[in-house]
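Data first, discussion second: the structure below is written as structure tokens.
The values are calculated or read from the model by the stated rules, or taken from the named source; none is laboratory data. Predicted model, so just to flag it, every value in this text is computed and none were measured. Cβ placement follows ideal geometry from the backbone for every residue including glycine, while neighbour counts extend to all protein chains displayed. Protein only, heavy atoms only, side chains kept; ligands, DNA and RNA dropped before computing areas. Shrake-Rupley method; radii C 1.70, N 1.55, O 1.52, S 1.80 Å.
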Amino acid sequence: ICAATKANGGRSGSIAAPLVTEDFQKIDVNPPKGTRDFPPEDMRLRNWLFNHFKEVSRLFGYEEVDVPVLESEALFIRKSGEEIKDQLYCFEDKSNRRVALRPELTPSLVRLVIQKGKSASFPLKWFTLGQCWRYERMTRGRRREHYQWNMDIFGVPQVTAEAELISSIVTFFKRIGITASDVGFKVSSRKVLQELLNKYGVPENLFGRVCIIIDKIEKIPIDEIKKELGFTGISEDAIEQLLQVISVKSLDDLEDVLGGAGEAIADLKQLFSLAEKFGYSEWIQFDASIVRGLAYYTGIVFEGFDRKGKLRAICGGGRYDRLVSTYGGDDTPACGFGFGDAVIVELLKEKDLLPELGQEVENIVCALDEDLQGAAATVATTLRDKGQTVDLVLESKPLKWVFKRAARVNARRLVLVGKTEWENGSVSVKVLSSGEQLQVKLSDLD
Ligand SMILES: CC(=O)Nc1cnc2ccccc2c1
């Protein structure tokens, strides 16, 4: 108990102005830079969104897992020039361990898969919802945390895995009223780049770096891209070919450039035909310029976008077949996606699809005078034991106050405990919508 409260005999509030000792100064009531509080009305929207995330994951038969927000820094040290690494929220703890607040969830899931090792019965279909962090210079005023929904499949090399993941996101969108005319998915495969780099004899270990540079194609000028690609040591005409191949507009054009024999074409063709069967063809389109900004993707990559082009990517994911082995596990195929809680809310606002979520309480229970407070407590407990929500008035208040509160918490009915009724075991119930008032025996209250 802080000193100030102790000085008041352990109670704070109504006595003479609470003593504030010199030990405490006024605190800043805002949350740390780049972070958010969730007061009740924001928390209702967040729970609404997260319940849809979780319901969809369960609909698809995925199991929920959780991993710590704090991880060893080593989990996120990758030498591929990713933005996520520059912004790592890392520090040294009191035992001189290098630790980090996770910037994403996938590495932790992979760590857990390896930890489970042989005891894991594949395929694993996991989902999780967790807060992720980045440390950005506040110059950009961007957020330093967001919540991410992830669904991942371990142990399935076929494209059916990616097809099912996209289907789960389409299911989510449809549940909240978003249609294929609002959003779409751009789909490509990193095997396109891989086949091209192999053709030019570019060493495998440059693959991640090249992808990260290409991912910036819309964000920095093209000759900056060329310069950065040049630094990796790949040849001029390889660079020309690269930039040419990521601008093709259709799978057929891609086939002309790459030839029809490669895995990239085969995977993408299979994905588009599965999309037909899953019923989400009108949601997806091939877009060779999609690489995504994480180094570890190795195959199909996809991202959800708003067709008006006003917002950043809504979600994104893909196949990462080498990550488990890179971290020291067996050679396990894997794919998954991340879906943040920020852009989707902007989209819902845009489309006027934000739900109206008020507090819902079934009963307000109130004693009509203070020596019936105990009786009110009994009534509240009786109702709560029947699974009814009760807002029990905890101090004696004028009836006008009680009616105002009933309106604010959107109570369905008022349960008033009065002297005479209570003497014959009854309470008076007022249904607020109809104004109907009736005497009810406590035993009949439901
Ligand atoms: C729009 C938004 O808030 N993005 C966001 C916010 N915080 C993050 C934190 C870690 C990684 C990615 C993040 C992304």
(Q) Please report the net charge: other residues with Cβ closer than 12 Å to the Cβ of residue 321, K and R +1, D and E -1. (A) -1
Q: Add +1 for every Lys or Arg and -1 for every Asp or Glu among the other residues with Cβ under 10 Å from the Cβ of residue 335, and state the total.
A: -3
Q: Quote the accessible area belonging to residue 97 in square angstrom, nearest 10, computed with a 1.4 Å probe and with ligands, DNA and RNA left uncounted.
A: 140 Å²
Q. Among 206, 274, 133, whose Cα lies farthest out toward the positive end of the dipole of the chain, if unit charges sit on the beta carbon of Lys, Arg (+1) and Asp, Glu (-1)?
A. 133
Q) Tell me, in nm to one decimal, what length is gained between residue 386 and residue 247 on full extension, where the rule is 0.36 nm per residue of separation less the Cα-Cα distance? A) 43.7 nm
Q. By how many degrees, 0 to 90 and rounded to 10, does the Cα axis of helix 236-245 deviate from the longest principal axis of the chain?
A. 50 degrees
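Restricting to the chain, compute how many DSSP beta bridges are antiparallel as a %, nearest 5.
80 percent
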Q) Which of 152, 330, 23 moves the most in a Gaussian network model of the chain with Cα springs under 10 Å? A) 23
**Q.** Whole-angstrom gap from the range 162-219 to the range 334-381, using each part's C-alpha centre
**A.** 37 Å
Q | Mean separation of Cα contacts under 8 Å (6+ apart) over length of the range 287-446, as relative contact order % | A | 15 percent
Q: Considering Cα pairs under 8 angstrom that are at least six residues apart, work out the relative contact order of the range 288-360 and quote it in whole percent.
A: 23 percent
Q: Compute the accessible area per residue over the range 211-349, keeping the other protein chains in place, probe 1.4 Å, unit Å².
A: 43 Å²
Q) What nm value, rounded to one decimal, do you get for the distance between residue 116 and residue 70 when each label is placed 7 Å out toward the C-beta? A) 2.6 nm
Q) Looking only at 306, 267, 252, which one moves most when the chain is put into a Gaussian network model with springs between Cα atoms under 10 Å? A) 252
Q) What accessible surface, in Å², does a 1.4 Å probe find on residue 413, ignoring ligands, DNA and RNA and rounding to the nearest 10? A) 20 Å²
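Using +1 on the beta carbon of Lys and Arg, -1 on that of Asp and Glu, and nothing else charged, what's the dipole of the chain about the Cα centre, debye to 20?
Taking the Cα centre of the chain as origin, the dipole is about 920 debye.
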Q. Hey, got the dipole for the range 15-169? About the Cα centre, +1 on K and R Cβ, -1 on D and E Cβ, debye to the nearest 20?
A. 320 debye
Q.
Rounding to the nearest 10 and keeping the result within 0 to 90°, find how far the Cα-based axis of helix 160-175 lies from the longest principal axis of the chain.
A. 40 degrees
Q | Where trypsin sites (Lys or Arg not before Pro) fall in DSSP loop in the range 176-253, at most 14 other Cβ within 10 Å | A | 219, 249
Q.
If you take every residue apart from residue 181 with its C-beta less than 11 Å away from the C-beta of residue 181, what net charge results, scoring Lys and Arg +1 and Asp and Glu -1?
A. 0
Q | Computed [θ] at 222 nm, deg cm²/dmol, the chain (DSSP H ≥ 4; -39,500 (n - 2.57); rounded to nearest 500) | A | -10500 deg cm²/dmol
Q: Note down the accessible area of residue 72, probe 1.4 Å, to the nearest 10 Å².
A: 60 Å²
Q. Considering only 188, 259, 244, whose Cα is most displaced toward the positive end of the charge dipole of the range 173-299, charges sitting on Cβ of Lys, Arg (+1) and Asp, Glu (-1)?
A. 188
Q: With a 1.4 Å probe and every protein chain kept in, tell me what percent of the accessible surface of the chain is carbon plus sulfur.
A: 52 percent
Q: Note the full-extension length gain between residue 266 and residue 158 as 0.36 nm times their separation in residues minus their Cα-Cα distance, in nm to one decimal.
A: 37.8 nm
Q. In degrees from 0 to 90, rounded to the nearest 10, what is the angle of the helix 40-59 Cα long axis to the longest principal axis of the chain?
A. 50 degrees
Q: Would you look at the GNM of the chain, springs on alpha carbons closer than 10 Å, and say which of 410, 150, 424 moves the most?
A: 424
Q: With a Förster radius of 45 Å, plug the Cβ-Cβ distance of residue 441 and residue 407 into 1/(1 + (r/R0)^6) and report the FRET value to the nearest 0.05.
A: 0.95
Q. In whole percent, what relative contact order does the chain give with Cα contacts below 8 Å and a gap of six or more residues?
A. 13 percent
**Q.** Additional length obtainable on full extension of the chain from residue 370 to residue 79, 0.36 nm per residue less Cα span
**A.** 97.9 nm
(Q) Let me make sure I get this right: for the range 155-229, a, b and c are the square roots of the gyration tensor eigenvalues over alpha carbons, sorted descending. Under 1.5 in a/c it's rounded, otherwise prolate if a/b > b/c, else oblate. Which is it? (A) oblate
